[in-house]
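The values are calculated or read from the model by the stated rules, or taken from the named source; none is laboratory data. Since the structure is predicted, the reported quantities are computational estimates derived from the model, not experimental observations. When we count neighbours, we look across all protein chains shown, and the Cβ atoms used for this are built from the backbone with ideal geometry, even at glycine. Protein only, heavy atoms only, side chains kept; ligands, DNA and RNA dropped before computing areas. Shrake-Rupley method; radii C 1.70, N 1.55, O 1.52, S 1.80 Å.
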Amino acid sequence: MTEAELRAAVHRVMPGVTEDLKELARIPGIAFDGFDHRVVERSAEAVAELLRGAGLPDVRIVRDGGQPAVLGRRPAPPGAPTVLLYAHHDVQPVGDESQWHTPPFEPTKIDGRLYGRGCADDKAGVMAHVAALRAYGDRLPVGVVVFIEGEEEFGSESLGDLLRSHREELSADVIVIADSGNWDVGAPALTTSLRGLVNVFVDVRVLDHAVHSGMFGGAVPDALIALARLLATLHDEAGDVAVAGLVSGTAAELDYPEDRFRGEAGILDSVQLIGTGRLVDRVWTKPAVSVLGIDAPRSTEAPNALVPTARAKVSVRLAPGDEPARAFEAVKAHLEAHAPWGARVEVTLEQEGAPCVIDATGPAYDAARAAFRTAWDGVEPVEIGVGGSIPFIATFQELFPSAAVLVTGVEDPDSRAHGPNESLHLGEFARVCLAEVLLLRNVAETLTR
């Protein structure tokens with residue numbers, strides 16, 4: 001198909017793709033503990049029907065002890081390469097619903113953006129794959145394997161086993177992981193590095209039981225103050241991570257203006273940024289430590305008593321080149337060594353994931369850059385890092401070492417994935433869909449034997 005035919009095909013399918021994205025986003029498929037996982041099943045079934053309707057002859061729901069994934073296949077024409085298209089259909093919890101301007105599971109279009117949980121991360125990734133399949137119909141120039149995961153937001157615990165169980169069926173020459181973002185609206189990107197992750201629980205104990213704060217306060221520390229002092233040791237005065245032994249690196253030569261960064265983060269005018277060095281280094285290739293939550297008595301219900309124990313959930317993002325197991329030991333050793341006033345400190349691992357670096361050289365990456373350049377009307381794509389983590393990319397690299405891994409995405413800096421008012425820029429979404437259609441054509445032309 002010519003470029004003009006492909007553009008016309010994408011233009012033709014986009015209205016239906018957008019409406020189906022809305023329907024998919026109305027399904028609150030959350031894989032976290034405590035949520036109704038029957039809804040995740042319903043989400044998987046909806047994705048399976050979309051893939052069948054897009055012309056894949058072999059579509060199944062698969063699992064390996066975790067949440068349901070969807071696997072769809074169409075064989076390659078003789079001599080043509082096979083492309084694996086990945087996305088995930090599960091979503092993050094909505095958090096504080098009062099912070100949403102629109103109902104989180106009723107997709108709402110406002111000023112060219114579609115608001116709702118999962119509209120960007122990552123049901124738009126699912127629908128970008130569906131759009132490419134619909135645009136080609138029965139004229140696909142490559143073999144396609146579509147793999148839509150069902151528990152990415154909850155850590156992909158069963159994904160490694162699932163990939164190994166279906167390794168032969170998933171084998172491909174090129175892997176497209178549609179779960180990242182672009183540099184800006186109107187500026188496409190390939191993601192070539194991602195930070196890893198170590199999440200830990202930190203438990204502090206100072207007393208066997210709660211005691212009267214007046215009778216014992218002033219001589220006996222409470223666990224919350226001890227925990228606060230301990231957590232404060234994780235950063236130095238400048239805000240750099242103070243844990244010895246964690247890896248730091250240097251990011252690509254991209255300028256990330258501070259005013260743009262502050263606007264995208266929504267940081268208050270009076271609040272200073274933390275850390276030192278270039279912004280791209282701080283958010284892509286240096287470690288970061290965040291306190292995600294603290295277990296403590298509710299302030300409105302707290303008695304006048306010294307709290308005997310306190311717990312925090314701490315998230316450590318690891319720079320590319322670091323190793324989760326070694327990083328956990330470094331964090332654990334730091335926290336134990338800085339226990340204030342002899343408090344008993346226990347550090348337990350909740351979750352870990354490896355960082356990754358992608359060498360984006362070779363014909364498949366050239367094919368992707370050409371597709372992006374065309375879809376964005378001549379704008380040259382850039383290589384970016386991502387401060388977030390997609391640990392399973394390292395698993396794909398391990399299991400399919402000869403495949404070119406392309407990390408693409410539908411998000412832009414204002415998509416607010418994981419937060420309230422998540423949204424998708426519909427103009428960029430159309431470009432993403434066109435880029436994927438062009439990518440499949442370019443890969444076919446480049447890699448067909």
Heavy-atom accessible surface of the chain: percent carbon and sulfur, 1.4 Å: 50 percent
By how many degrees, 0 to 90 and rounded to 10, does the Cα axis of helix 223-232 deviate from the longest principal axis of the chain? 60 degrees
Shape category assigned to region 258-343 from the gyration tensor of Cα positions, a/c cut at 1.5: oblate
Residues of region 1-33 with backbone nitrogen within less than 12 Å of a virtual label 7 Å along the Cα-to-Cβ line of residue 139, please, listed as ranges. 1-10
Normalized C-alpha radius of gyration of region 154-303, against 2.2 N^0.38 Å? 1.49
Roughly how far apart, in whole Å, are the Cα centres of region 1-66 and region 205-235? 50 Å
For the chain, what does -39500 (n - 2.57) per DSSP helix run (n ≥ 4), summed and divided by total residues, give at 222 nm, in deg cm²/dmol to the nearest 500? -10000 deg cm²/dmol
Of the GluC sites (Glu not before Pro) in region 242-339, those whose Cβ has at most 14 other Cβ within 10 Å and which sit in DSSP loop: 253, 301
Measuring from the longest principal axis of the C-alpha atoms of the chain, the long axis of helix 3-25 (C-alpha) lies at a number of degrees, nearest 10, equal to 40 degrees
What does the charge count around residue 56 come to, taking other residues whose C-beta lies under 9 Å from its C-beta (Lys +1, Arg +1, Asp -1, Glu -1)? +2
Compute the semi-axes of the equivalent ellipsoid of region 317-414, taking the square root of 5 times each eigenvalue of the Cα gyration tensor, and list them largest first in whole Å. 39, 16, 10
Could you give the accessible area per residue of region 316-449, probe 1.4 Å, as a whole number in Å²? 40 Å²
Can you pull the three principal axis extents for the Cα set of region 175-232, in Å, largest first? 63, 24, 15
Is the shape of region 52-173 best called rounded, prolate or oblate, per the rule: a/c under 1.5 gives rounded, else a/b larger than b/c gives prolate, else oblate, with a ≥ b ≥ c the square roots of the Cα gyration tensor eigenvalues? oblate
Rounded to one decimal in nm, the spacing of the 7 Å Cα→Cβ label points at residue 99 and residue 111 is 2.0 nm
Identify all lysines with a Cα-Cα distance to residue 286 below 25 Å; exclude those on the same chain that are fewer than 8 residues away in sequence. 313, 332
Starting from the Cα of residue 22, draw a straight line to each of the lysines and keep only those under 16 Å, dropping any in the same chain fewer than 8 residues away. 109, 123
Dividing the alpha-carbon radius of gyration of region 1-41 by 2.2 N^0.38 Å (N being the number of residues), what value is obtained? 1.83
Which residue, chosen from 291, 252, 277, occupies the Cα position most advanced towards the positive end of the dipole of region 236-294, where the dipole is computed from +1 (Lys, Arg) and -1 (Asp, Glu) charges on Cβ about the Cα centre? 291
Dimensions (Å) - region 62-131, Cα atoms, principal axes, largest first: 53, 36, 13
Relative to the first principal axis of the alpha-carbon coordinates of the chain, what is the inclination of helix 123-136, with its axis defined by its Cα atoms, in degrees from 0 to 90 and to the nearest 10? 10 degrees
Past the 16 angstrom mark, what percentage of all C-alpha to C-alpha distances in region 1-81 do you count? 65 percent
Which of rounded, prolate, oblate describes region 377-449, given a ≥ b ≥ c as roots of the alpha-carbon gyration tensor eigenvalues and a/c under 1.5 marking rounded, otherwise prolate only if a/b is larger than b/c? oblate
Any chance you could run the full-extension gain for residue 165 through residue 264? It's 0.36 nm times the residue separation minus the Cα-Cα distance, nm to one decimal. 31.6 nm
